[in-house]
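Just so you know, all these numbers are worked out from the coordinates, no wet-lab data involved. Keep in mind that what you see is a predicted model, and the values were worked out from it rather than measured. No Cβ is skipped: glycine too gets one built from the backbone with ideal geometry, and neighbour counts run over all protein chains shown.
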Amino acid sequence: MHNNIKKVIVVGGGTAGWVAAAAMSKKLGKLVDVVLVESEQIGTVGVGEATIPPMRAFHKLLGIDEQEFMRATGAVFKLGIEFKNWGQVGDRYFHPFGATGQSSYLADFQSFWLYGKSKGVNADFEEYSLEAQAAKANRFAISNKGSINFAYHLDATRYAQFLREFSENLGAKRIEGKIHQVQQHSDGHIKALQLESGEVVEGDLFIDCTGFSGLLIDKTLKVPFLDWSHWLPCDRAVPVQTESIEPAKPYVTCTAHRAGWQWHIPLQHKVGNGNVFCSEFMSDDEAVQHLLNNVQGQTTTEPRIIKYKTGRRKVFWHRNCVALGLSSGFVEPLESTSIYMFMIGIVRLMRMFPFDGITQPVVDEYNQQSIEELENVRDFIILHYHVTAREDSEFWRYCKYMDIPESLSHRIKLFKDNSLVFLGERELFRLSSWLHVMLGQGITPNYYHKIFSTMSDKELVSHLSNTRRTISDVVSKLPDHQSFIDRYCKTLS
Ligand SMILES: Cc1cc2nc3c(=O)[nH]c(=O)nc-3n(C[C@H](O)[C@H](O)[C@H](O)COP(=O)(O)OP(=O)(O)OC[C@H]3O[C@@H](n4cnc5c(N)ncnc54)[C@H](O)[C@@H]3O)c2cc1C
């Protein structure tokens, strides 16, 4: 289709829809009209509280003020994720943001650390991470030098409202109404949405943000779904919110149980909790009970079961429809990646924006880049389940012995045998993330690069202990997280 694109319809007003509308109206609002259609009656999925650091770059792009955003959404800072019971029951490790240790030109930091261990320097890998140590001490500050890498925990409903106001102030138009029918041109492109009220909303490009229902990409355009549940078998979640009973910690806790895991995400005004589980090995009732047995503080919402299937659409952009958010696919929330995926998706779309009409090479390029990035995320999540010593339940035995994608299998072997990690293009998770999770889940390579053995033992010990000392000095000077929040961005309610 070579028609000019002058009117963009964002279909759905969950986090994905309002993120898309905010970015489009801020960056391209002078060139195209932005209209968002949503139905309050249908509502949103209402979860999605933990984020990752690239969200800050997205906010910067849109000129969103951090303090204003944090006050509006009850947000706190996030330095990483604490994983409990993943490698074995009773285990604990931390996946921090930011780079751990210093790599040399020939070999990365893990070789240095492994060589140190062989010489009796037994400090944990996490002791070389500023973010892990700050999280452990519950401390945080934003330094002018920007050395701490961080993201946020936020209230998903308030975030969508915040972005709605932001978008409407920039001229985005919102239409309330349930879509009853989708009209197509004779070539299959989408022509208009017909609402139950009878109103017809025409557009040139449609961004499908209708959540798991995939109203355009699935129900209308019939783009197939590629199922990944054989690699990621959890298929349900039950969230519940509780009152805060302690100062907010600057990290998420993910605690594995016999058929999945439970999240704990502190915000300023409440705590988000949820149980992600595999329905083959745990009933809904058991899941709710397990969740309620393991939360602190009074519940403030009713637990509700959310069913999902892990996987992706075969393509995300088809004809004049681009799927963003849950309509495009879903990889479970273990590493808080979904919000980022549609932020990068809308930025990618704006970079390739088809002002003069949609051409197939652009569509193919968009799909290829988006698929590559999502599949790298998928591999990283599978790693958490597969590399485990747990055999205490059918669920964990399945995960431990299941076949995994060749791309991940190669990466695990390369690390196990050679302590090497190489990143390809479009890898969201960087070297340190892979290292913390692989080591944390129980892989300790025997090999290290011999370049470090040219150091004297004295040099080695002093270099490693200086690195740890510098980190603990910085951490000891940080204020505690809650007092920083109270000063910087305390929410009014
Ligand atoms: C259990 C769980 C936990 C999660 N945790 C995280 C996390 O910690 N971090 C993270 O980054 N992500 C997380 N996610 C993902 C995150 O919640 C979603 O990616 C995000 O909320 C985006 O959802 P959405 O906007 O695509 O869909 P939704 O929120 O479902 O919005 C769909 C919209 O489409 C509209 N709509 C649908 N059909 C129609 C119709 N017929 N007519 C009119 N309007 C319609 C609805 O009204 C709604 O406005 C989690 C997801 C789940 C399931």
Less than 25 Å apart at the alpha-carbon level, and either on another chain or at least 8 residues along: which lysines does that give for LYS450?
LYS117, LYS119, LYS413, LYS416, LYS458
Spelling out what I want: for every residue of segment 276-287, take phi, set θ = phi - 60°, compute 6.51 cos²θ - 1.76 cosθ + 1.60 (Karplus), and round to whole Hz; glycine and proline get x.
9, 8, 9, 5, 5, 10, 8, 7, 4, 4, 4, 5
Label VAL347 and GLN194 with points 7 Å out from Cα along Cα→Cβ: what is the distance between them in nm?
4.0
Full-stretch length increase - ASP473, LEU226 - with 0.36 nm per residue and alpha-carbon distance subtracted
84.0 nm
Starting from the Kirkwood Rh over alpha-carbon pairs, what translational D in µm² s⁻¹ does segment 11-167 have by Stokes-Einstein at 10 °C and 1.306 mPa s?
86
In terms of the charge dipole of segment 284-437, which places +1 on Lys and Arg and -1 on Asp and Glu at the beta carbon, the residue among GLY311, PHE395, CYS321 farthest towards the positive end is CYS321
Inverse of mean 1/r across different Cα pairs in the chain, Kirkwood, Å
23.8
Would you please put 470-478, 76-84 in order of how densely packed they are, using the mean number of other Cβ atoms within 10 angstrom per residue and starting with the highest?
76-84, 470-478
Assuming 0.36 nm per residue, please report the length gained on full extension of the stretch GLU202 to ASN418 beyond their Cα-Cα distance.
72.1 nm
Partner aspartates and glutamates whose C-alpha sits under 12 Å from that of LYS178, ignoring same-chain residues fewer than 8 away, are GLU38, GLU40, GLU196, GLU199
Please work out the Cα convex hull volume for segment 200-247 and give it in Å³ per residue.
211
Cα→Cβ-extended label distance, 7 Å offset, between SER279 and ARG426, nm:
3.1
Go ahead and run the numbers for FRET between HIS185 and ASP364, Cβ-Cβ distance against an R0 of 22 Å, rounding to 0.05.
0.55
Share of Cα-Cα pairs in segment 113-177 beyond 18 Å, whole percent, is 64
Count of lysine pairs in segment 1-97 with Cα separation under 13 Å (8 or more residues apart, or interchain)
4
Provide the FRET efficiency to the nearest 0.05 for the VAL89-HIS59 pair, computing r from the beta carbons and using R0 = 35 Å.
0.35
Between SER213 and ASP124, what length comes free when the chain is fully extended (0.36 nm per residue of separation minus the Cα-Cα distance, one decimal in nm)?
27.5 nm
Report the residues of segment 333-363 in range of a label on LYS6: point 7 Å along Cα→C-beta, backbone N strictly under 14 Å from it.
355-357
Relative frequency of Cα-Cα separations exceeding 19 Å in segment 26-112, percent:
69
Per-residue counts of other Cβ atoms within 10 Å, averaged by peptide: what ranking do you get for 386-395, 324-333, highest first?
324-333, 386-395
Of the options VAL223, GLN241, THR253, report the single residue whose Cα projects farthest towards the positive end of the charge dipole of segment 218-257 (beta-carbon charges: Lys, Arg +1; Asp, Glu -1).
VAL223
